[in-house]
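Trainee: Below are the structure tokens for one structure; questions will follow.
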Amino acid sequence: MDRVAKETRAYLLKLCKQIKDAGVNVLLIQKSVLRDAVTPQSLDFLAKMGIMTITNIERNDIDFITRTLGCLPVANIDNLKPEKFGHADSVVQESTPSGKIVRVTGVHTPAEN
């Protein structure tokens, strides 16, 4: 069992490094029907690499978010290219009485990039 855990850790770390090497600093993750699509260990690796993760985004919201932020959805890590990224001056997670919100300011339209 220890070998499986080591291999899983190495695989997750490799994926997280690919995300970092692509130049991502904020990662938006669509809600998945698979419970283990995002693991606590992978979220920890991404946080240690300085990558903010926003998880459980509803599928219905993806179209609005991508149009608003000027980015494109990526389903496979091999397709993670800078031309698909959105750009903003600031992304901050804030707590409110009803929960947490993510405030994205200074969004650059694709013509400005």
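The values are calculated or read from the model by the stated rules, or taken from the named source; none is laboratory data. If you're wondering where the values come from, they're calculated on a predicted model, not measured in any experiment. Here Cβ is always computed from backbone atoms with ideal geometry, including for glycine, and neighbour counts include all displayed protein chains. The accessibility values were calculated without ligands, DNA or RNA, using every heavy atom of the protein model including side chains. Shrake-Rupley method; radii C 1.70, N 1.55, O 1.52, S 1.80 Å.
Trainee: Would you confirm whether or not the range 40-54 contains a residue that is open to solvent by 100 Å² or more (accessible area, probe 1.4 Å), closer than 19 Å to VAL107 by Cβ and hydrophobic (A, V, I, L, M, F, W, C)?
Mentor: Checked against the condition, which is being open to solvent by 100 Å² or more (accessible area, probe 1.4 Å), closer than 19 Å to VAL107 by Cβ and hydrophobic (A, V, I, L, M, F, W, C), the range 40-54 yields no hits at all.
Trainee: Applying the selection to the range 1-39, what residues are open to solvent by 70 Å² or more (accessible area, probe 1.4 Å), farther than 20 Å from VAL92 by Cα and in a helix (DSSP H, G or I)?
Mentor: Residues satisfying the conditions are ASP2, ARG3, VAL4, LYS6, GLU7, ARG9, TYR11, LYS14, LYS17, ASP21.
Trainee: In this structure, is LYS31 free of Cβ contacts under 8 Å to residues at least 40 places away in the same chain, under 26 Å from GLY106 (Cα atoms) and under 11 Å from the mean Cα position of the chain (by Cα)?
Mentor: Answer is no for this residue.
Trainee: For the range 44-73, enumerate the residues that are charged (D, E, K, R) and closer than 16 Å to ILE19 by Cβ.
Mentor: ASP44, LYS48
Trainee: Being part of a strand (DSSP E or B) and open to solvent by 40 Å² or more (accessible area, probe 1.4 Å), is that true of even one residue in the range 64-86?
Mentor: No, the range 64-86 has no match at all.
Trainee: Ok, one more. Which of (1) in a strand (DSSP E or B); (2) open to solvent by 50 Å² or more (accessible area, probe 1.4 Å) does ASN60 not meet, given it meets every other one?
Mentor: Only one criterion in (1) in a strand (DSSP E or B); (2) open to solvent by 50 Å² or more (accessible area, probe 1.4 Å) is unmet by ASN60, namely (1).
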